[in-house]
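The values are calculated or read from the model by the stated rules, or taken from the named source; none is laboratory data. Computed from a prediction, not measured in an experiment: that's the story for all the values here. When we count neighbours, we look across all protein chains shown, and the Cβ atoms used for this are built from the backbone with ideal geometry, even at glycine.
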Ligand SMILES: [Zn+2]
């Protein structure tokens, strides 16, 4: 099912296919501090046109733990791209060296384009403000580890829903399940793009756009927090006015459900108060830990298939 | 002198050519523009605008004598006037009548509205491609970045206003 496939958006996959990744990730958890040789002799190329620490290191770790090797670059200033090489030519080069390419780019649709050019499978590690499918898989996996079922949950997504690719991919991801309700919590300036709302309507997802976390927090089983960047606001005063409403503090958790889990793709700034870390709701460090086993599962399924 | 009936007043019959009927009212000039017809080509052209239509309320009609349409022309007409029908006339008779069809996928005719889209990067060898999401209203979605484009923008690009 997964052998040799590209991973461009979370919407390319069915629940059954995601379940296969999650089950494989359950297995991989046992090996996330040892070394297997499932992918011995395979090479993964990292094409990070945009800097990233977590995503890049967790892909790298995943490949190393599976016995494979890693090549690539994590900034463009020292590469031939800086000299004006096209994305197409860079991908052709990496394709001739590697068995799989992981790409992050600020241009939207870059990963899909790379996948059309490369013969090796391509994994999108973030393209502009659009997709970050492996992050969404980690997010869904974290929910699945904490609840028996994703179906039936009430989920809130908080922050920059317009430009945030992790938030968008997470919204697409939960749209594959029969959730009870989805709350999209953001200032109007940063609300979900129309194409995303259209998608939710088409899928028949019960969703509501709200401006205040306080109004809905009691109902939530899952709260997905993302960062609101000051630079998104044309008027800094406007940012100062709204930022408080999108911060999660111990006070905002007073009336929440006992089993509420809070997720965040990290890194965070001040949208999640550090005192929240000590509550039983905080699952974002656990979520971050799943980055390696979920990516190990993906790499294994794509490069080695179902065979052990 | 016999008074011409209403039909004749609007539509003088053509011998050989194409009649594009059921164009949404006010869109006939766009249809001519995307077909590259300026009136200086020499063939007879009749434009009828804002006539009553059972289906559309009001509609436009374009008749072009001596011209047959290519597949790409028909695709463009579909994007401008999704309700249009195309009648091929041979020797004063309608020999074929068909509704235009908006293609499921549109490659190359349009450009994505998102400047951050890979299809708008000048040196990359990539052809813009769109998928039709809805016909009424007409909405196309970029296959690369997911941005959607409405009918007004599609018309604006095709007629290069
Ligand atoms: Zn686009």
* Of all residues making up the stretch A:96-111, the number that are crowded, with 24+ Cβ neighbours inside 10 Å and touching a residue at least 60 places away in the same chain (Cβ under 8 Å) -> 3
* Do we have any residue at all in the stretch B:127-135 that's away from the ligand (no atom under 16 Å from the Cβ), farther than 23 Å from residue A:111 by Cα and modelled with pLDDT under 95? -> yes
* Of all the residues that make up the stretch A:99-121, how many are away from the ligand (no atom under 15 Å from the Cβ) and under 16 Å from the mean Cα position of the chain (by Cα)? -> 3
* Return yes when residue A:120 is free of Cβ contacts under 8 Å to residues at least 12 places away in the same chain and more than 11 Å from every other protein chain (Cβ to nearest Cβ) and no when it is not. => no
* Asked: under 17 Å from residue A:52 (Cβ atoms) and not in a loop (DSSP other than H, G, I, E, B), is that true of residue A:104?
  -> yes
* Which members of the stretch A:43-73 meet the condition of being part of a helix (DSSP H, G or I) and without any contact (Cβ under 8 Å) to a residue 40 or more places away in the chain? -> A:57, A:60, A:64
* Asked: Quick one: would you say residue B:89 is more than 12 Å from chain A (Cβ to nearest Cβ), buried (at least 17 other Cβ atoms within 10 Å of the Cβ), at pLDDT 90 or above and within 30 Å of residue A:90 (Cα to Cα)?
  -> no
* **From B:106, B:113, residue being within 12 Å of chain A (Cβ to nearest Cβ), within 30 Å of residue A:132 (Cα to Cα) and surrounded by 12 or more Cβ atoms within 10 Å (Cβ to Cβ)** => B:113
* Taking residue B:62 and the conditions (1) surrounded by fewer than 20 Cβ atoms within 10 Å (Cβ to Cβ); (2) more than 14 Å from chain A (Cβ to nearest Cβ); (3) part of a strand (DSSP E or B), which numbered condition does it fall short on, given that it satisfies the others? -> (1)
* Only one residue in A:167, A:125 is within 13 Å of the chain's Cα centre (by Cα), surrounded by 24 or more Cβ atoms within 10 Å (Cβ to Cβ), more than 14 Å from chain B (Cβ to nearest Cβ) and not in a helix (DSSP H, G or I), so which one is that? -> A:125
